[in-house]
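Read through the structure below, which is laid out as structure tokens, and then see the notes.
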Ligand code: ATP
């Protein structure tokens, strides 16, 4: 059984506090992503789960068993990394069979399991080849196959597909997601690619500065980020943010900044939050998919100048200069075609009122 639970897990490298006493729990069979920018501590956390790195403090249990200081071999975890070394002197078949041979599995069983895994990963036609005769994508599948072939309680993957080309990566994403669901083995996947995490994970643990920022489903992370860091890290293109202060204008809660005045939709911001934040520096956030553009000004529009239009296929990405700050809007291509506006011409943006975010500039915390 592969439930993982971690209690006050920490790791320091000299003065460097890479992982700061974090707690989390992963359910049996869950597909979890550790997501965050370079240096946030995700690999260090994964390596502590694997046993390749000993923690400075805290506890790790897998399937209810304390494994904190167990050797990797005794944790029953399967691992695959960004760069994997296959045994160069062994055929693909023998590379896949190796983890079973060391566990003294019978020859018949080995042939059966290797064939199954090879078929699933579509490498059954290269079983007799040597690793030197494989493409990068095939080698990586063999490495993944070597992990899948044995009955591990938990699979740990550190950016296993990040160096593959875009097409193969997209294919592998779907394949790994399918395999994980089919096998039902608890899987932790380290990535800095939010698209990868959003499309594959059951839950995402967003990390920054050695701390867990949020651990939730992709939808929750996207819709209800707990802070500005999480809100900005997920979503492509990134969240638009504008510096504002909270003001009461004729009794209407207004978020006002340079060239911007947005009336807060009634009830959006909790009254206690309004009272505590009048006059304070805040950040107003809105995702590009929730920004519209218009030629004519209206009560709820913000004036700007068109800076660029990038066709993205089904949509165009409009970049609008709003008093020196860029605001991006994703506009359906057929509608975008109706805007004859040349660059540098006046244009207006409108934020969808039910998709606004408000953050405390100082702490980053989501206020509304
Ligand atoms: P990346 O995506 O770049 O691998 P990461 O989020 O996985 O980043 P970690 O590799 O966990 O980050 O590193 C976290 C911090 O700990 C970084 O600041 C890193 O420089 C530091 N660190 C990691 N390993 C060591 C080590 N062996 N000695 C010293 N510092 C280390």
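The values are calculated or read from the model by the stated rules, or taken from the named source; none is laboratory data. Treat the numbers as computed from the prediction; the structure is a model and nothing was measured. Cβ sites come from the backbone with ideal geometry, for glycine too, and all protein chains shown count toward neighbours.
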Enumeration of residues in region 205-237 that are farther than 18 Å from residue 285 by Cβ, assigned to a strand (DSSP E or B) and away from the ligand (no atom under 14 Å from the Cβ):
215
Say we look at region 56-67 and pick out the residues that are surrounded by fewer than 17 Cβ atoms within 10 Å (Cβ to Cβ) and outside any loop (DSSP other than H, G, I, E, B); which of these is nearest to the ligand (Cβ to nearest atom)?
57
Taking the residues in region 160-173 that are touching a residue at least 60 places away in the same chain (Cβ under 8 Å) and surrounded by fewer than 19 Cβ atoms within 10 Å (Cβ to Cβ) as candidates, determine which candidate is farthest from the ligand (Cβ to nearest atom).
163
What's the total number of residues in region 1-17 that are within 25 Å of residue 221 (Cα to Cα), buried (at least 21 other Cβ atoms within 10 Å of the Cβ) and within 15 Å of the ligand (Cβ to nearest atom)?
2
When region 18-55 is checked residue by residue, the ones that are within 12 Å of the ligand (Cβ to nearest atom), without any contact (Cβ under 8 Å) to a residue 60 or more places away in the chain and outside any helix (DSSP H, G or I) are 39, 52, 53, 54
Has region 301-308 got at least one residue that is over 22 Å from residue 367 (Cα atoms), at pLDDT 95 or above and outside any strand (DSSP E or B)?
yes
Please determine whether any residue of region 31-44 is touching a helix residue (DSSP H, G or I) at 6+ places or on another chain (Cβ under 7 Å), at pLDDT below 95 and in the same structural domain as residue 158 (by TED's automatic domain parsing).
no
